[in-house]
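**Q** Below: one structure in structure tokens.
The values are calculated or read from the model by the stated rules, or taken from the named source; none is laboratory data. Since the model is a prediction, treat every value here as computed from it, not as a measurement. Glycine also receives a Cβ, built like all others from the backbone with ideal geometry; neighbour counts cover every protein chain displayed.
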Amino acid sequence: MQIAAIRSFAFVLASVLLMIAPAHASEKILDIKTVTSPGGITAWLVEDHNVPVIAVEFGFRGAGTVNDPADKQGLIRLLSNTLDEGAGAMDAQAFQKELADRAISLSFGASRDHFTGALKTLRAEKDKAFELLALALTQPRFDAEAVERMRAANIARIRESLSDPDWIATRLLYASAFSGHAYARNSGGTLSGLAKITPDDLRAAHKTLLGRHALMIGVAGDITAAELAPLLDRVFGAMPVVTPPAAPAETQITGAQDIRVYDKMLPQSAIQVIQPGIKRADPAYAAAEVVNFTLGGSGFGARLMESVREKRGLSYGISSGFLHLDKADGLMISTSTKNANVAQVIDLIRQELRDVSKNPITAQELKNAQTYLTGALPLSLTSTNAIAGLLLSLQEDGLPITALEDRDAKLRALSLQDVNAMAARLLRPDDLRIVVVGQPRDLKNATVVKDLPDVE
């Protein structure tokens with residue numbers, strides 16, 4: 001799994017935006033309102049009455065897969081799979097039929113840090129949609145048949161992933177970069193861990209992790225603040241306020257040129273690189289966005305793409321992007337190349353990370369990044385669920401309701417001195433963890449890994 005997909009239109013879009021971007025100060029990107037229910041539940045809302053659709057994205061802070069027991073990895077993922085598999089008096093088939101008949105979309109998910117859910121409904125069905133969501137959250141059934149079906153699906157997913165070199169590389173990278181920490185575990189579970197999970201385990205996790213104390217809610221679409229406030233209590237009001245689990249400790253990614261190779265017979269090798277990153281709440285994060293865009297976040301036109309693909313033809317694509325976790329942050333680089341070229345590509349990555357000191361980011365590169373980064377966000381907010389998801393993301397990262405406008409203003413105000421100072425601070429060519437999946441040739445000082453951790 002690559003952190004940032006290579007898209008050939010990215011640099012073209014940046015050029016188009018450069019021609020149309022306004023020169024005036026930042027305008028308001030979203031009109032975000034804070035809504036508080038009579039029972040004290042808070043949500044962020046963006047009203048849009050052009051289309052009769054409502055989207056809700058919500059999360060429970062600290063309720064992610066870091067809470068999996070060591071011997072039952074996959075518990076939180078399985079919980080997310082089974083919450084909508086029957087609730088109240090309805091079994092899985094009846095519950096899913098009710099959703100389908102009313103064109104209501106409901107799903108749950110789990111990241112390492114948070115447990116999340118998403119609801120999308122037509123305005124005409126909002127009362128029923130919120131009722132079904134409340135049932136799923138407060139009265140899930142965890143029937144044996146549904147649990148077994150979801151367990152089998154997860155086991156099949158893991159077995160299928162074992163043929164995906166990018167998935168293997170990511171699994172090894174997390175295990176290496178976060179060794180000894182809960183982040184090192186497989187967020188999707190292990191084969192043996194999934195086999196041990198019982199319906200009672202799911203009931204206990206539901207009872208102890210999903211509570212009002214940890215709620216974050218984003219809503220967008222055809223609903224007013226006055227309408228939303230009582231609905232928040234109807235959905236979430238009956239949820240308990242529970243003692244949150246102990247949060248994992250802060251951790252840092254350190255590499256010191258650690259290279260690990262997983263031998264797999266492939267025509268080319270998948271390469272994943274990680275180094276320490278920067279928090280989204282850092283006051284200088286806007287400068288870091290420009291550095292990443294210039295390095296490898298912009299597709300064609302980025303320095304890594306120019307060096308690895310355009311000048312030397314060593315890969316179809318190479319990208320960089322940030323990894324943000326509650327207790328750790330990283331900068332990742334992803335690519336693939338022929339086995340014979342792996343050592344050269346890794347050397348080129350290090351070279352590009354070092355090269356910023358000799359060849360600083362230019363005025364044109366800064367202008368391209370500012371134009372794209374300020375213009376691409378509004379263009380991405382084309383659906384209610386995209387907007388609701390963004391509202392949730394801001395809350396997950398502990399950012400204020402003004403974060404979008406703050407970011408826009410900071411991006412526009414950046415100087416060359418700002419971004420080159422950040423490049424010197426951020427880029428760590430001598431502090432990399434590298435994972436290669438394939439059969440690379442002439443790769444020195446690499447450790448061969450025979451077993452994938454936290455899979456079986």
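**Q** Does Ala87 meet the test of being more than 27 Å from Phe178 (Cβ to Cβ) and touching a strand residue (DSSP E or B) at 6+ places or on another chain (Cβ under 6 Å)?
**A** On the way: more than 27 Å from Phe178 (Cβ to Cβ): yes; touching a strand residue (DSSP E or B) at 6+ places or on another chain (Cβ under 6 Å): yes.
Spelling it out, Ala87 is indeed more than 27 Å from Phe178 (Cβ to Cβ) and touching a strand residue (DSSP E or B) at 6+ places or on another chain (Cβ under 6 Å).
**Q** Look at Leu373 and say whether it is closer than 19 Å to His324 by Cβ and not hydroxyl-bearing (Ser, Thr, Tyr). Walk me through it before giving the result.
**A** On the way: closer than 19 Å to His324 by Cβ: yes; not hydroxyl-bearing (Ser, Thr, Tyr): yes.
Answer is yes for this residue.
**Q** Could you list, in sequence order, all residues of the stretch 169-203 that are among the polar types (S, T, N, Q) and over 17 Å from the mean Cα position of the chain (by Cα)?
**A** Residues satisfying the conditions are Ser176, Ser179, Thr190, Ser192, Thr198.
**Q** Considering only residues of the stretch 204-229 that are surrounded by 16 or more Cβ atoms within 10 Å (Cβ to Cβ) and closer than 16 Å to Ala110 by Cβ, which is nearest to the chain's Cα centre (by Cα)?
**A** Across the stretch 204-229, the extreme among qualifying residues is Met216.
**Q** Would you call Asp326 touching a residue at least 24 places away in the same chain (Cβ under 8 Å) and in contact with an Asp or Glu (Cβ under 7 Å, 6 or more places away or on another chain)?
**A** Details: touching a residue at least 24 places away in the same chain (Cβ under 8 Å): yes; in contact with an Asp or Glu (Cβ under 7 Å, 6 or more places away or on another chain): yes.
For Asp326, the condition - touching a residue at least 24 places away in the same chain (Cβ under 8 Å) and in contact with an Asp or Glu (Cβ under 7 Å, 6 or more places away or on another chain) - is met.
**Q** For the stretch 340-357, which residues satisfy the criterion of being in contact with a helix residue (DSSP H, G or I) (Cβ under 9 Å, 6 or more places away or on another chain) and hydrophobic (A, V, I, L, M, F, W, C)?
**A** Val345, Leu348, Ile349, Leu353, Val356
**Q** Got at least one residue in the stretch 237-245 being at pLDDT 95 or above and in contact with a Leu (Cβ under 8 Å, 6 or more places away or on another chain)?
**A** No, there is no match, as no residue in the stretch 237-245 is at pLDDT 95 or above and in contact with a Leu (Cβ under 8 Å, 6 or more places away or on another chain).
**Q** Can you work out which of the residues in the stretch 65-122 that are polar (S, T, N, Q) and not in a helix (DSSP H, G or I) is surrounded by the most Cβ atoms within 10 Å (Cβ to Cβ)? Lay out the reasoning, then the answer.
**A** To start, the set of residues in the stretch 65-122 that are polar (S, T, N, Q) comprises 65, 67, 73, 80-82, 93, 96, 105, 107, 111, 116, 121.
Right, trim to not in a helix (DSSP H, G or I) and you get 73, 105, 107, 111, 116, 121.
On the way: Gln73: 24, Ser105: 13, Ser107: 14, Ser111: 18, Thr116: 21, Thr121: 28.
Out of the qualifying residues, it is Thr121.
**Q** Could you pull out the residue among Leu232, Leu135 that is surrounded by fewer than 22 Cβ atoms within 10 Å (Cβ to Cβ) and either among the small types (Gly, Ala, Ser) or in a helix (DSSP H, G or I) (or both)?
**A** That would be Leu135, the only listed residue that is surrounded by fewer than 22 Cβ atoms within 10 Å (Cβ to Cβ) and either among the small types (Gly, Ala, Ser) or in a helix (DSSP H, G or I) (or both).
**Q** Okay, moving on. Sort through Leu135, Leu194, Leu119 and tell me the only one that's in contact with a Ser or Thr (Cβ under 8 Å, 6 or more places away or on another chain), under 30 Å from Ala89 (Cα atoms) and at pLDDT 95 or above.
**A** Step by step, each of Leu135, Leu194, Leu119 is checked, and only Leu119 is in contact with a Ser or Thr (Cβ under 8 Å, 6 or more places away or on another chain), under 30 Å from Ala89 (Cα atoms) and at pLDDT 95 or above.
**Q** Here is a follow-up. Of everything in the stretch 154-193, what is touching a helix residue (DSSP H, G or I) at 6+ places or on another chain (Cβ under 7 Å) and either in a helix (DSSP H, G or I) or not assigned by TED's automatic domain parsing to the domain that holds Asp84 (or both)? Give them in sequence order.
**A** Once the filter is applied, which keeps residues that are touching a helix residue (DSSP H, G or I) at 6+ places or on another chain (Cβ under 7 Å) and either in a helix (DSSP H, G or I) or not assigned by TED's automatic domain parsing to the domain that holds Asp84 (or both), the stretch 154-193 yields Asn154, Ile155, Ile158, Ser161, Trp167, Tyr174, Ala175, Ala182, Tyr183, Ala184, Leu191.
To keep it simple, each residue is scored yes or no on (1) touching a residue at least 24 places away in the same chain (Cβ under 8 Å); (2) part of a loop (DSSP other than H, G, I, E, B); (3) surrounded by fewer than 19 Cβ atoms within 10 Å (Cβ to Cβ); (4) touching a helix residue (DSSP H, G or I) at 6+ places or on another chain (Cβ under 9 Å).
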| residue | (1), (2), (3), (4) |
| --- | --- |
| Leu331 | yes, no, no, yes |
| Asn359 | no, yes, yes, yes |
| Gln370 | yes, no, no, yes |
| Thr382 | no, yes, yes, no |
| Leu390 | yes, no, no, yes |
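**Q** If you don't mind, another one. Among the residues of the stretch 303-320, which ones are part of a loop (DSSP other than H, G, I, E, B), surrounded by 15 or more Cβ atoms within 10 Å (Cβ to Cβ) and more than 24 Å from the chain's Cα centre (by Cα)?
**A** Leu314, Ser315
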